[in-house]
Each structure stands twice: as structure tokens, then as C-alpha cells.
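Have a look at the structure below before the remarks.
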Amino acid sequence: MSDTLNTPAKSWQARIGEATDAIAQTFVESMSYDWRLYKVDVAGSIAHATMLEKVGLITGADREAIFAGLKEIEAEIDRDGPKWAGFKPELEDIHMCVESALTERIGEPGRKLHTGRSRNDQVATDLVLWIHNVSYALGREQFDVIIRAFVDLAERNRDVVMPSFTHLQRAQPISAGAEALTWASTFSNALQRFYAPWMTQTVEWPLGSGAIAGTSLPIDRELSLWWMNRETPGMVGHDEIEVSRSSIESTASRDLACDFLYACAMTAQWLSRWAEQWIIYMTTEFGFIKIADRYTTSSSMMPQKRNPDMLELIRGRCGNVYGDLFALMTILKGLPIGYNRDLQEDKRIVFRAYDTVSQCLTMAAAIVNSASYDKARIEPTLDRGFLDATSLAEYLVTAGIPFRTAHHIVGTLVARCEKEGKHALSQLSVEAFNEVIAASKTDKRVTEDVFTCLGAANVVKRYQSAGAAGGKPFEDQLAAWKERLGV
Ligand code: ARG
């Protein structure tokens, strides 16, 4: 059985006859996780108070007291974190905890802060600011670190030639560095998705939308946004955001949170694919990649084991992040327009996805920094799988043979090798090449020069197309990355 708690008076106590049921109180609170919004909550409140003063709804002295009180509170939470004395679960959320602590501290002016505002526009504003801040922080920190790690890996392994795979079957030879740069590129693109809402769309400023319908008070929403832009460094940029069109939409929409979760999910996807690739490369069967022992674990029963558990967890956690995206999308699909308490779940989801992705990026970068391609294991296998077959077909094109004919000729040559127990095209004689070429009704012939297009190391040097995985195009890519990163 539950009993009722003797709670401090809430602002709505005049309307709701009883104190909140204890079970309900624990059930409804979000303070235990939304406390993380405190900095943006304080910043939003200062912008709001500044606006209230400018339009004459509060005095300059009120605004000063509010500003000083909020700054004190912010400093205390900086210091105490979730243990801050003002966090009282019975006050439900960060917004009411901060407002109540402010009023306790400064008295009457604190009671004026919520003029023309509701928690509905306040929480929407906080979330916009929080997402903005962490998106840019991810770019400056975690993404920067992982992109650098892959570029370093490319540099350290620029001379390693390895097979590439399509269908997980040997395809064409590549520079191992080119594969490393691929991951740098995927993470750079993943980061763009965090920036996209700010750079390519109009993000809307919800503050001043009130509970749903706005307010009859003469507030100036442009002013609070102006203040936020001008006076709160690093919060939002001028061109990134404008006052929302509709107060109803503003308090009901979580579009930006969905965009953010999608960016998280896409990042998790690339982390997972990379992890899967390296898990395969770390098998005895492949043996292409070595990572430091400190990023592996062993088995409680099999003494010989060295398992890539960190990589497996990175791969596994992608499932959680996809779940987070889907969780919010699912919550939203059934909501009538206007604020509904279901929306409170958004923060649990957004924080969780952010934490997962940022921790995985950090873990991944550490692993990459410890890794190298195992040249000694890779190189002896390069003459298996006819990695140079496409190169030979292209060589025949340069000798004037149409590509389809060349493709057929090389297919025939590969089949002939297999029939004769040869494992590489370079084991065939010039006569054998010309015999098959002649059979395809062309008068073109090859000389000893044909061997310059065979063998993985030769092939890799011959790549010419922009973005290609070896030779000059790879060196160009590496140089471009180094220039971009200033290394
Ligand atoms: N903690 C709430 C949330 O995160 C704040 C808004 C509550 N609004 C309300 N009218 N109950 O969504």
C-alpha cells in the first residue's frame, strides 16, 4: 500500500487537493536524469528573464536577482552534480527544482520568472539547446579523436597491401591505408548528420510558446532568442535557429530529438560495421589486424582465448541505439497535438543514445590507436584469389580489346589456371595468354609487359581514378586528410 508524502508545496497545490501518492511521485519524476539539463535550463531562464525585463514585465532589480541566483545555483550544481541539495524528487524535474531553489534564495523575484512560460516550452527549449551543445561537442571531441585515429592508422600502414572483399570473397587488392581512410570518411559523414539540422534546416526556438497557446502577456520571443544568441557563448548560432512559427507545434514536436537519434543510430551503424570487420580480421582464419591485449579479454575455461569483447560490445550496442530511435518514434506516433507527459521519456532516450554513442566512439578510437595491419600475415596470401584479374582485364582494354571481351578472356584464363593447378595468373606464360586472346577472335596480342599489371603490389600502384584504394589516389586522400586535420 502506498501512503502520501508530506511534500513541499508545489505551484499547483491549490488545485490538486491531496499530496501526490508516493508511488506516483517516484513514477512521475524525471529529475533523476533530467538534472543533466541544468546548464541549458539556467541559460534559457536567464534569456527569458532578460526578455521579461526588456518588455517591462519584471524590473531591472528582479532580473538582476534572478540572474545572480541562477548563476549561484549553476555553480553549485557544477560542484555537486546530481547530489546538489536542491534536487528534490518531489519537485519532479530540473525545471521545478531550479525554480524552487531560486525562490528560496531570492524570494519574490523568483516567483516572477515563470511569467509567460510553461514547463512545456521550457523543456522543449532545454532539449534544443542540449542537443545543439552535445552535437558540436561530439564533433570537437569524440569524432575528432576517432577520425584522427583512423588517419594515423592509414599513415602507419600506408605500405601494406591487402585484399578487399565483396560478398566477403576476395575482390581487388587495396592499400590497407585506404581501408583505414574509409572509416575516417564514414565517421566524418556521420558527424555531418549531427550538424545537418543546424546547417541545412531551420531549427525552431520554442521559448515563449507557453503551455500550448502562447500568452496574453506582451512577451517578445525574438528578444529571448536574441539574448541567447548574443550573450550565451556557444549556445546557439545566429543562423541556426529562429522563433517557432506555431506555439502548438513547438510544445508538441520532438523532431530535432528524432534527427539527433537518427544521427546517433547512423554513427552506431558505422561503429558496428567497423567492429564486425575487425572481429573478422582478428580471427585466426584472417589474422589481418592486431589490437592491443588491453582491449581483449580471455575465457574462464579456455586458457588460450583472446577475444575481441570490446569490439563485440560496440557492435552489440548499436542495437540499443537503433532501439532508442525507434522508442521515441513509437512514443510520438500516438500523441495528439499539444504537450503530453509521454514526451518526458524523450530525455531518457536521447541521453541514453548519446551516452552509448559517445562511449563507443571513445572506446573505438583507443582500439584503433593500438592497432596495426599484420603485414606478415597478409602478404603471403596476396597471390591467392586472383586479386589481379580485373587489373588484367583493364590492361587488355589498354591494348585495344573491348572490356566485355577482355572480361571473358580473363575469366577463361582464371578457369584455365584452376584446371592446371595454378593459383595465380602470373604463373601462366605469355603464349598461354595469347592463345586465349586469339580464341576470342581479336588480332591483338600481349608481350612480357603484361606481367606489370599482375601481382597485388603492382595492381595497387596502377589505380588512377579519384578515390581509388591505392596508388596516387590513395596518397592524395591521405594528404587531404592530413591537411584537414593539420597533421
Ligand atoms: N518534466 C517534464 C518533461 O520532461 C516537463 C514538462 C511537464 N509539463 C507538464 N505540463 N506536466 O516533459
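If you count only protein heavy atoms with a 1.4 Å probe, what accessible area per residue comes out for region 7-68, rounded to a whole Å²?
Here the residues of region 7-68 average 47 Å² of exposed surface.
Counting helices only, and only those DSSP H runs with n ≥ 4, report the 222 nm mean residue ellipticity of the chain as the sum of -39,500 (n - 2.57) divided by its residues, in deg cm²/dmol to the nearest 500.
Dividing the helical sum by the residues of the chain leaves -18500 deg cm²/dmol.
Kirkwood hydrodynamic radius, region 300-340, all distinct C-alpha pairs: what's the number in Å?
Result for region 300-340, one decimal place: 13.5 Å.
Rounded, prolate or oblate: which fits the chain, taking a ≥ b ≥ c as square roots of the Cα gyration tensor eigenvalues, rounded meaning a/c under 1.5, else prolate when a/b beats b/c?
On the way: a/c = 3.24, a/b = 2.58, b/c = 1.26.
Verdict is prolate for the chain.
In nm, to one decimal, how far is the modelled label at Ser372 from the one at Met329, with both set 7 Å along Cα→Cβ?
With each label placed 7 Å out from Cα toward Cβ, I get 4.3 nm.
Roughly how many nanometres apart are two label points built 7 Å out from the Cα toward the Cβ at Ala480 and Ala466?
Modelled inter-label distance: 0.7 nm.
For region 226-354, what relative contact order do you get, as a whole percent, if you take Cα pairs closer than 8 Å and at least 6 residues apart?
Here the relative contact order equals 30 percent.
Near Lys333, which aspartates and glutamates are there with a Cα under 17 Å away, not counting those fewer than 8 places off in the same chain?
Partners within reach: Glu249, Asp255, Asp259, Asp324, Asp342, Glu345, Asp346.
Leaving out ligands and nucleic acids, note down the accessible area per residue over region 230-273 with a 1.4 angstrom probe, in whole Å².
46 Å²
Once amide H atoms are built 1.01 Å from N in the peptide plane, which residues 5 or more positions from Ser164, or in another chain, come under 5 Å H to H?
Counting only residues 5 or more places away or on other chains, the set is Ala171, Gln172, Ile174.
Roughly how many nanometres apart are two label points built 7 Å out from the Cα toward the Cβ at Phe165 and His423?
Placing both labels 7 Å along Cα→Cβ, they lie 1.8 nm apart.
Please list the three semi-axes, largest first and in whole Å, of the ellipsoid equivalent to region 217-349, using sqrt of 5 times the eigenvalues of its alpha carbon gyration tensor.
45, 19, 12
Over the chain, what is the relative contact order in percent, taking alpha-carbon pairs closer than 8 angstrom and at least six residues apart?
15 percent
So what are region 9-121's ellipsoid semi-axes, whole angstrom, largest first, if each one is the square root of 5 times an eigenvalue of the alpha-carbon gyration tensor?
Whole-Å semi-axes of the equivalent ellipsoid: 24, 17, 12.
For an R0 of 45 angstrom, estimate the FRET efficiency from the Cβ-Cβ distance between Ala439 and Arg140 and round to the nearest 0.05.
The computed FRET efficiency comes out at 0.15.
Would you be so kind as to identify which of Met310, Gln464, Ser216 lies farthest towards the positive end of the dipole of the chain, taking Lys and Arg as +1 and Asp and Glu as -1 on Cβ and the Cα centre as origin?
Checked the options; the winner is Gln464.
For the chain, what % of the accessible area comes from carbon and sulfur atoms, probe 1.4 Å?
Carbon with sulfur: 53 percent of the solvent-accessible area.
Report, as a whole number in µm² per second, the diffusion coefficient that Stokes-Einstein gives for region 64-192 at 4 °C and 1.567 mPa s using the Kirkwood radius over alpha carbon pairs.
68 µm²/s
If you place +1 on the Cβ of every Lys and Arg, -1 on the Cβ of every Asp and Glu, and leave all else neutral, what size is the dipole of region 314-364 about its Cα centre, to the nearest 20 Debye? List each step's numbers first, then the result.
On the way: 7 positive and 5 negative charges, 20 e Å.
Roughly 100 debye, rounded to the nearest 20.
Filter Lys441/Lys461; Lys10/Lys39; Lys290/Lys482 down to the pairs with a C-alpha to C-alpha distance above 26 Å, please.
Lys441/Lys461
How far, in nm, would the chain grow between Arg105 and Asn189 when pulled straight, counting 0.36 nm per residue and subtracting the alpha carbon separation?
25.5 nm
Length gain on complete extension for the stretch Leu313 to Asp78, per 0.36 nm per residue less the alpha carbon to alpha carbon distance? Provide the component values of the computation, followed by the final result.
Values: separation 235, 0.36 × 235 = 84.60 nm, distance 3.14 nm.
Contour length minus the Cα-Cα distance gives 81.5 nm.
For region 429-467 and region 326-400, what is the separation of their C-alpha centers, rounded to whole Å?
36 Å
As an exercise, take the mean of 1/r over every pair of distinct alpha carbons in region 297-394, invert it, and state the Kirkwood radius in angstroms.
Result for region 297-394 stands at 18.2 Å.
Can you tell me what the convex hull of the Cα atoms of region 327-368 projects to on average, as an area in nm²?
For the Cα atoms of region 327-368, the hull's average projected area reads 3.3 nm².
Looking only at region 43-59, which residues have a backbone nitrogen under 14 Å from a spot 7 Å from the Cα of Ser11 in the C-beta direction?
Answer for this model: 45-46, 48-49.
The values are calculated or read from the model by the stated rules, or taken from the named source; none is laboratory data. A quick note: this is a predicted structure, and the numbers were derived from the prediction, not measured. Neighbour counts are summed over all protein chains in view; Cβ atoms, including those assigned to glycine, are modelled from backbone coordinates with ideal geometry. Keep in mind that these areas ignore ligands, DNA and RNA; they rest on the heavy atoms of the full protein, side chains included. Shrake-Rupley method; radii C 1.70, N 1.55, O 1.52, S 1.80 Å.
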